[in-house]
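Report on the structure given below.
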2 protein chains.
Amino acid sequence: MSGLAGTGGAGRPVGDGVGAPVGATGVTGPAEGRRRGRGSRRSGRRGGDSGTREAILAAARTRFGDYGYDGATIRGIAADAGVDAALVHHFFGTKERLFVAAMRLPIDPSELVAAALAPDGREPGRSLGEHLLLTVLRAWDVPDVRATFLGLLRSAVTSEQAAGMLREFATEAILGRIAGAATPGPSGTDQRFRAALVASQVLGLALARYVLELDPLVQAGTGDLAAAIGPTLERYLMGDIRRGPAAAGPG
Amino acid sequence: MSGLAGTGGAGRPVGDGVGAPVGATGVTGPAEGRRRGRGSRRSGRRGGDSGTREAILAAARTRFGDYGYDGATIRGIAADAGVDAALVHHFFGTKERLFVAAMRLPIDPSELVAAALAPDGREPGRSLGEHLLLTVLRAWDVPDVRATFLGLLRSAVTSEQAAGMLREFATEAILGRIAGAATPGPSGTDQRFRAALVASQVLGLALARYVLELDPLVQAGTGDLAAAIGPTLERYLMGDIRRGPAAAGPG
């Protein structure tokens with residue numbers, strides 16, 4: 001778990017609220033440790049690896065910020081860091097994992113979503129919707145996770161650039177997986193629409209509970225929230241979310 | 001409708017995102033031309049009233065910012081503006097209306113909520129939940145309204161002070177009214193909890209559709225959104241939102 005400068009700690013993070021995930025805190029400079037085509041590494045490989053790794057992460061943060069998640073390529077990030085693309089793959093695997101590391105996310109959202117959707121992790125009697133909500137609530141109970149999540153939310157709300165980057169990442173890493181678990185629906189309803197509905201309720205809960213701190217939601221236990229909101233998510237994922245043809249309203 | 005400098009226009013407002021609603025733009029007040037106990041005023045009455053009104057609004061913005069919505073009093077605001085409290089009441093009526101004017105809200109949220117909850121404004125076949133959502137969606141379709149709403153959201157997300165002020169205002173002016181329309185529920189469920197759940201979904205939709213701009217929600221017509229989300233709001237307001245005793249999870 002990488003530390004998150006300026007946010008950690010329990011409760012609501014204060015900090016600048018914008019910078020943390022998208023750029024610019026006291027991070028080792030992008031170029032620090034950049035060694036271009038030197039071929040003559042002398043000092044210990046570990047030190048070198050760590051410097052190279054940091055250079056890649058710094059280049060990734062800049063590229064993701066400048067080009068968005070979709071537009072940034074491993075190849076471009078590698079070039080900026082002065083390393084071979086294969087080395088980036090070697091260190092971080094996929095672009096998704098590189099993003100998670102570059103943004104210093106304390107958990108990988110896609111792993112969280114996978115856990116939330118896994119049928120075998122579910123207690124008997126829990127619907128998928130309830131289980132999904134409980135998984136998210138448990139994650140938010142971890143101060144680092146909540147602080148990072150709210151930091152990203154702040155970035156998105158205050159910067160179109162950050163909003164675009166996060167939208168692209170969330171669409172690929174989170175919504176795509178949720179959509180995969182959704183039902184095409186009785187009338188061919190778009191699974192991506194279902195996933196976006198789930199996101200709207202989950203994000204709204206975070207906003208209302210942790211940012212606005214609406215008292216009834218702050219006071220509510222996770223069991224009450226799961227009972228109230230779980231069926232909403234279940235219906236968005238699996239239920240009939242269209243009006244019957246007779247009652248169809250304006251499109 | 002008063003103009004909102006720095007935000008208006010279709011699509012996503014850019015602007016500073018924070019200052020607009022909580023700070024400072026020049027708007028000719030609705031009460032321009034109101035006259036009060038004048039008798040001896042010689043020079044243009046209009047000018048005098050308008051100056052007083054602006055002084056009250058400026059004092060109100062400062063007081064609401066410093067003390068929050070609950071903590072700010074008409075008496076204190078009047079004292080800061082150097083006028084009698086009765087004059088503030090005369091100009092603005094209630095503290096709620098003074099807040100709406102001071103924040104330059106293009107519509108009074110409490111009137112919007114009243115319209116959303118009014119049984120006679122509802123098309124036949126529409127549930128209360130659908131009607132509520134459609135009313136909100138129609139309001140957000142007005143660029144000024146959406147821009148102001150998103151400006152307030154940005155303020156709340158980036159400033160704890162603004163979040164507290166808006167929470168207090170929303171609790172009194174919006175959630176209280178929604179709670180009044182909610183059902184106490186089969187097992188005495190807190191109506192305020194119901195109203196807060198409604199707020200979480202409505203706010204989350206705004207966040208996902210207008211800030212993150214998740215494509216399936218941007219593309220969805222209001223009819224589709226009402227069909228998908230209306231029943232959620234209906235259930236939060238009126239339905240059974242608790243687990244049965246047998247299945248009760250951890251509190």
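The values are calculated or read from the model by the stated rules, or taken from the named source; none is laboratory data. Everything quoted here is computed from the prediction, not taken from an experiment. Glycine gets a Cβ as well: all are built from the backbone with ideal geometry, and neighbour counts include every protein chain shown. Ligands, DNA and RNA are stripped out before the accessible areas are found, and what is left, the full protein with its side chains, is counted by its heavy atoms. Shrake-Rupley method; radii C 1.70, N 1.55, O 1.52, S 1.80 Å.
Just a few scattered comments:
- Partner chain coverage, peptide A:216-223 - average Cβ within 10 angstrom: 5
- In order along the range B:78-95, the Karplus-derived 3J(HN,Hα) couplings, from 6.51 cos²θ - 1.76 cosθ + 1.60 at θ = phi - 60°, round to 4, 4, 4, 7, x, 10, 7, 4, 4, 5, 4, 4, 4, 6, 10, x, 9, 4 Hz, and Gly and Pro are given as x.
- Sparse-neighbourhood loop sites, GluC sites (Glu not before Pro) in the range B:113-222 - DSSP loop, at most 15 other Cβ within 10 angstrom: none
- Residue-normalised accessible area of the range A:43-198, given per residue in Å² at a 1.4 Å probe: 40
- Cα gyration tensor shape for the range B:107-183, rounded if a/c is under 1.5, else prolate or oblate: oblate
- Under 5 Å between amide hydrogens, built in the peptide plane, is the criterion, and for B:A72 it picks out nothing among residues at least 5 positions away or on other chains.
- On the range B:38-169, 51 percent of the accessible area sits on carbon and sulfur atoms, based on a 1.4 Å probe.
- Gap separating the Cα centres of the range B:69-108 and the range B:167-185, nearest whole Å: 21
- Other-copy label distances relative to A:A85, 7 angstrom Cα-Cβ extension, nm: 7.1
- Chains A and B together bury roughly 4500 Å² of accessible area, counting both sides, with a 1.4 Å probe on protein heavy atoms only.
- Quarter of Cα convex hull surface for the range B:108-251, i.e. mean projection, nm²: 9.9
- The range B:142-220, relative contact order in percent, only Cα pairs under 8 angstrom and at least six apart counted: 14
- Over the range B:46-91, the reciprocal of the mean inverse Cα-Cα separation, the Kirkwood hydrodynamic radius, stands at 10.3 Å.
- Each 5 Å bin from 0 upward holds the following percent of the Cα-Cα pairs of the range B:72-151: 3, 14, 19, 16, 13, 13, 10, 7, 3, 1, 0.
- Plainly put, the tip 7 Å out from Cα toward Cβ on B:D215 is 4.4 nm from that tip on each other copy, the closest given first.
- Teacher prompt: A:P143 distances to equivalent labels in other copies, 7 Å Cα→Cβ, nm: 4.6
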